[in-house]
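Q: Dumping the structure here so I can ask a few things about it.
The values are calculated or read from the model by the stated rules, or taken from the named source; none is laboratory data. What you are looking at is a predicted structure, and each value in this text was computed from that prediction instead of being measured. Cβ atoms come from the backbone with ideal geometry, glycine included; neighbour counts cover every protein chain shown.
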Amino acid sequence: MAKGIDLYSTRASCTDNKDSKPTRIIFDADTTMGIPDCDIDDGLALLYALGYAKQNPGDVFIEGICTSFGNSTIEAVYKATNQVCRDLDLIVPVLKGAGSSDQPISDASHYIVDMAEAFPSELTLAVTGSTTNLKGALLLDNDVLSKYQQVVLMGGITQSLVLNGQIMDELNWSCDPEASLAVLEAANRGAKIVVFTANNCLEARFYPQEFSDYLKLPTEDGGYLWRTCAPWFDTMQRWYGYEGFICWDVLVMAWILDPWLFEQQRFDALLDPQLMKAGFLQPAFDGAPQASIITPRINAAQALSKRCYELWKLAIA
């Protein structure tokens, strides 16, 4: 397990180099790693960044973590996020976000606004849960998202989402469709909005045997990653009859830090409140309200998975 890693307070060590411009990230996530029958991918996205930081000292900093509801309640997510940070000796501010779509103003939304004002065009916002914290931030400052280098989100679908013959619901953007629509609309005011749709994440598949083999973790006693991730393999088997899992949220962090893994493509999205209730992104047509966003696709699934294993292993080394 990582010891003494402080991605926040050591920022000055790299900013002293005038030629260096580190990637500075605010992570807004519904982390539930360690909670039974709850998703682990937000935690794995954080571990991706931690592994990258250890491989490339001074190149990336997690400025803070904002918690959101989605995978579970805000109380459960806030507790789990703090536990993951303790497990990894990761010292960063953890802000409690909105607990529901009708109460968007929170410590997290204020933090998103305050950091954008303090460091305009210097930060990236990585969002892997519900979008309510961003709605709260937009209520405080309608132009806040345009003050970030980019806002990278996981959410939305462009067609029915099918895993192992079963249709899956969209669970990020549909949590708060009003908030999700507001995020898309921010693209029309200069914000760079990057969206990993659930459909474009389907190739990010991981399986228990390769998970153990790549990380050299004996399945009988595990280690931190195996202890926190193995139950999710069992859950996916029970719920979907599927041997592995899709690591949706890790793509957000991978895009920010390793964009070479992806093909960038533009998507003109229809701004339709009714479709957003299902998290559905439809291509726009002439005369309709729309916003131009980026929807990356994975270049090579095998290269992505190897990169994930490489950085996850570094994170817990």
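Q: Exactly one of these conditions fails for E75: (1) in contact (Cβ under 8 Å) with a residue 60 or more places away in the chain; (2) of a type in the set (D, E); (3) outside any loop (DSSP other than H, G, I, E, B); (4) surrounded by fewer than 18 Cβ atoms within 10 Å (Cβ to Cβ). Give me its number.
A: (1)
Q: Name, by its number, the condition in (1) charged (D, E, K, R); (2) under 30 Å from L139 (Cβ atoms); (3) surrounded by 14 or more Cβ atoms within 10 Å (Cβ to Cβ) that does not hold for R189.
A: (3)
Q: Right, another one. Check the range 233-246 and report whether any residue there is assigned to a helix (DSSP H, G or I), in contact (Cβ under 8 Å) with a residue 40 or more places away in the chain and of a type in the set (S, T, N, Q). Give the steps one after another, and end with the answer.
A: Going through the range 233-246, the residues assigned to a helix (DSSP H, G or I) turn out to be 233-240.
So of that shortlist, the ones also in contact (Cβ under 8 Å) with a residue 40 or more places away in the chain come out as 235, 240.
With the extra rule that they be of a type in the set (S, T, N, Q), the set shrinks to 235.
Within the range 233-246, one or more residues are assigned to a helix (DSSP H, G or I), in contact (Cβ under 8 Å) with a residue 40 or more places away in the chain and of a type in the set (S, T, N, Q).
Q: Got a sec? Which of S212, S174 is among the hydroxyl-bearing types (S, T, Y) and at pLDDT 90 or above?
A: Working: S212 fails: at pLDDT 90 or above.
Unique residue meeting the criteria: S174.
Q: So L304 clears everything in (1) more than 22 Å from S146 (Cα to Cα); (2) surrounded by fewer than 20 Cβ atoms within 10 Å (Cβ to Cβ); (3) not polar (S, T, N, Q) except one condition, right? Which one?
A: (2)
Q: Right, another one. Would you say S106 is within 29 Å of Q264 (Cβ to Cβ) and surrounded by fewer than 24 Cβ atoms within 10 Å (Cβ to Cβ)?
A: So S106 does not fit the description; no.
Q: Run down A254, A198, A230 and say which single residue is at negative phi, small (G, A, S), buried (at least 16 other Cβ atoms within 10 Å of the Cβ) and in contact with a Lys or Arg (Cβ under 9 Å, 6 or more places away or on another chain).
A: Numbers: A198 fails: in contact with a Lys or Arg (Cβ under 9 Å, 6 or more places away or on another chain); A230 fails: in contact with a Lys or Arg (Cβ under 9 Å, 6 or more places away or on another chain).
Result: A254 is the single residue among A254, A198, A230 that is at negative phi, small (G, A, S), buried (at least 16 other Cβ atoms within 10 Å of the Cβ) and in contact with a Lys or Arg (Cβ under 9 Å, 6 or more places away or on another chain).
Q: Please work out which residue is surrounded by the most Cβ atoms within 10 Å (Cβ to Cβ), limiting yourself to the range 281-297 and to residues that are out of contact with any strand residue (DSSP E or B) (no Cβ under 6 Å at 6 or more places or on another chain) and not charged (D, E, K, R). Reasoning before the result, please.
A: If we filter the range 281-297 for residues that are out of contact with any strand residue (DSSP E or B) (no Cβ under 6 Å at 6 or more places or on another chain), which is where we start, we get 283, 285-287, 289.
If we keep only those that are not charged (D, E, K, R) too, we end up with 283, 285, 287, 289.
Working: P283: 11, F285: 9, G287: 6, P289: 14.
It comes out as P289.
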